[in-house]
Amino acid sequence: MEKNIYLLLIAISSFFLSCSHLSYRKDIPNSIEIIINDMKLAHEGRPHGVPKYYDWVLKPRLCMGNNPKNFKAVIAWGQVYEDIEGNPAKNTRVQIRDMKAYMLSKKDGRWHLLQSSRRVEGAAYKEDFVDDINKPADIRKEADGSISVKAGEGYNFHFWPTTGRVTIDPDDIAGMFTTVQARLIVDDPNQPDDRSRARYLLDVGGDYWLDLTSDWDQWKTNGDIGIGRFKYVKKGWQSFNMISLSENKVRKNPPPIK
């Protein structure tokens, strides 16, 4: 009898451990499939104020990819937009954390972490980025060291790691990967929670730059690596990605996703 009870307790413990493991796995906000789809699938929605002739308005795409030419610096970036139909949620913010950039080296075939920033910084840019017009954004510091923002009224939120640009060897680039996490949070806890009505879109990309200090000069001193998929920000944490490798190469040599 005691032996049967003992075996039953072991079985119950194993069951709950298994369930706990599954729950943990479900909570991981990124995966190889998500990364691939963030470069393969069409955007979930269209960002407000972006002209139709911008080649990244409907789907992800690569630009410079793994060929930085003579550019010797790189930076990850992201952008938050209202949906093309607007955003009716007035008491919702987008919380952003843990932006990272990795480089796949030609020399050793390994992924190397170039940037890792719990907090991001940025500004509110005109949605079409014409003339690089921008102003201070509605940024709020959060308790975990991250930030949250709002966007709208003709401006997005364009952001990047607090570490700024980092140096690269342009002859050693076999792949680039940028990623960030985001979710919706309530702006004012004393007001109604309207997150279910929020229509915020977010995506990430990366830029090569001539060097660490060069100013923006109508795309003469920088160019984008690629632009990932716009997805609606939700209540739970999600990852948003851009990678410069084909699906087959991602599967053969996946980037770190922890």
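The values are calculated or read from the model by the stated rules, or taken from the named source; none is laboratory data. Keep in mind that this is a model prediction, so the values were computed, not measured. So basically every Cβ, Gly included, is an ideal-geometry build from the backbone, and we count neighbours across all protein chains shown.
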Looking only at the stretch 215-258, and only at residues there that are of a type in the set (Asp, Glu) and loosely packed, with under 14 Cβ neighbours inside 10 Å, the one that is modelled with the highest pLDDT: ASP215
Hey, ASP128 under 24 Å from VAL57 (Cα atoms) and touching a Pro at 6+ places or on another chain (Cβ under 8 Å) or not: yes
Qualifying residue in the stretch 104-121 (condition: charged (D, E, K, R), at pLDDT 95 or above and in contact with a Leu (Cβ under 6 Å, 6 or more places away or on another chain)): no
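Matching residues to (1) part of a loop (DSSP other than H, G, I, E, B); (2) closer than 26 Å to MET64 by Cα; (3) outside the structural domain of ARG119 (by TED's automatic domain parsing); (4) in contact with a Cys (Cβ under 6 Å, 6 or more places away or on another chain):
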| residue | (1), (2), (3), (4) |
| --- | --- |
| PRO189 | yes, no, no, no |
| GLY205 | no, yes, no, no |
| THR213 | yes, yes, no, no |
| LYS234 | yes, no, no, no |
| ASN248 | no, yes, no, no |
Hits in the stretch 78-92 - residues which are within 20 Å of VAL166 (Cβ to Cβ) and either touching a helix residue (DSSP H, G or I) at 6+ places or on another chain (Cβ under 9 Å) or of a type in the set (Val, Ile, Thr) (or both): none
Residue within the stretch 124-143 that is assigned to a strand (DSSP E or B), crowded, with 23+ Cβ neighbours inside 10 Å and of a type outside the set (Gly, Ala, Ser) present: no
Residue that is surrounded by the fewest Cβ atoms within 10 Å (Cβ to Cβ), among those in the stretch 69-105 that are out of contact with any His (no Cβ under 9 Å at 6 or more places or on another chain) and not in a strand (DSSP E or B): ASN70
Residue satisfying condition, being within 25 Å of ASP144 (Cα to Cα) and among the β-branched types (Val, Ile, Thr), within set THR221, THR213, THR178: THR178
Residue tally, condition crowded, with 21+ Cβ neighbours inside 10 Å and in contact with a Lys or Arg (Cβ under 9 Å, 6 or more places away or on another chain), over the stretch 147-167: 8
Residue check, LYS52 assigned to a loop (DSSP other than H, G, I, E, B), of a type outside the set (Asp, Glu), in the same structural domain as MET176 (by TED's automatic domain parsing) and at pLDDT 95 or above: no
Selection count, the stretch 35-67, where residues are closer than 17 Å to THR179 by Cα and among the small types (Gly, Ala, Ser): 1
Count of residues meeting criterion [exposed (fewer than 14 other Cβ atoms within 10 Å of the Cβ) and under 13 Å from the mean Cα position of the chain (by Cα)] in the stretch 106-117: 1
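Here's the yes/no breakdown for (1) touching a helix residue (DSSP H, G or I) at 6+ places or on another chain (Cβ under 9 Å); (2) closer than 20 Å to TRP219 by Cβ; (3) not basic (Lys, Arg):
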site	(1), (2), (3)
ILE32	yes, no, yes
MET39	yes, no, yes
ALA42	no, no, yes
PRO51	no, yes, yes
LYS69	yes, yes, no
ALA76	no, yes, yes
